[in-house]
Amino acid sequence: MIILTHPAKRPLPSITNSAPNPSTLNPPSSTPYSPEADHNGPQIEHRLSHPLPQLHHHESYPLPAYSPATRAIHGKPINASGRRFIIGLDAPMTYCPDVVPRDSCPPGNITTVSGLLTGMMVMVPGGQDIYVDPEGLVGFTQAHSASWPANSTLMDGFYRTTAKPSSPCEAEPPTDLLDFCDPKNAASEGVYACPYPDIVGTWVLVAGSARARAREGDCERLEGLELHKSEIKLGAWQYT
């Protein structure tokens, strides 16, 4: 479950207990996406000359997938893994160094992110930014690194909205959601769940309808990502 607050080439690594190399998507034309490419290549890497901001002081929210029309996906937690966001994954991939006292490390069993999905809520100095890569995959930077794929949408594009009522007589308060509109292309919008090939019954989070390469296969459009306040702010020392 993600928590939200205000404010090159080889397959995407499987879910393991070690931090994988960053990756992007390069799918075959007729199957669900198959991530490829190593971000170490200069053609897909961008670097900052200043550290990323820390985002420790904001409110937090759990952020499950919201898609009432798709029972297999609706309400599923979204967790950070392999520098992606995986829908239906029970827990995130996290790391806390041995030099940090165990009782000082966050629990590491939940994914927390900053307002409008701009950064991970972590303790690691410099933080971890969130971006949408050129293929539409929503990813986050590695700890201690200010690099991301070139031509990515960095910390921008997600906005608040409300769910459509199930009936005109609905008495419940509206459900707050996050949705996406590409600031570089207003026709490219929406958030999607695309089958994740490494784990059966999970999906990878994709943003932007015009990013066709990431959406090849059986992708489902979500109404959005649901917002609820949570008492948990920092979910991990860092996500991997």
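Taking every Cα-Cα distance in segment 63-113 and sorting them into 5 Å bins starting at zero, the pair-distance distribution P(r) comes out as 4, 20, 23, 17, 14, 10, 5, 4, 2, 0 percent. Here segment 102-164 is treated as a Stokes sphere of Kirkwood radius computed over C-alpha pairs; at 4 °C and 1.567 mPa s its diffusion coefficient rounds to 99 µm²/s. Take 151-163, 188-200, 92-104, 132-144 and order them by the average number of nearby Cβ atoms within 10 Å per residue, most first; the result is 132-144, 188-200, 151-163, 92-104.
Scalar couplings 3J(HN,Hα) for segment 189-194, obtained by applying the Karplus form with A = 6.51, B = -1.76, C = 1.60 to θ = phi - 60°, are 8, x, 10, 9, 10, 10 Hz; x denotes Gly and Pro.
Readers should treat all values here as calculations from the given coordinates under stated rules, not as data from a laboratory. Because the structure is predicted, anything quoted here is derived from the model rather than measured. Ideal geometry is used to build each Cβ from the backbone, glycine not excepted, and the neighbour counts take in all protein chains shown.
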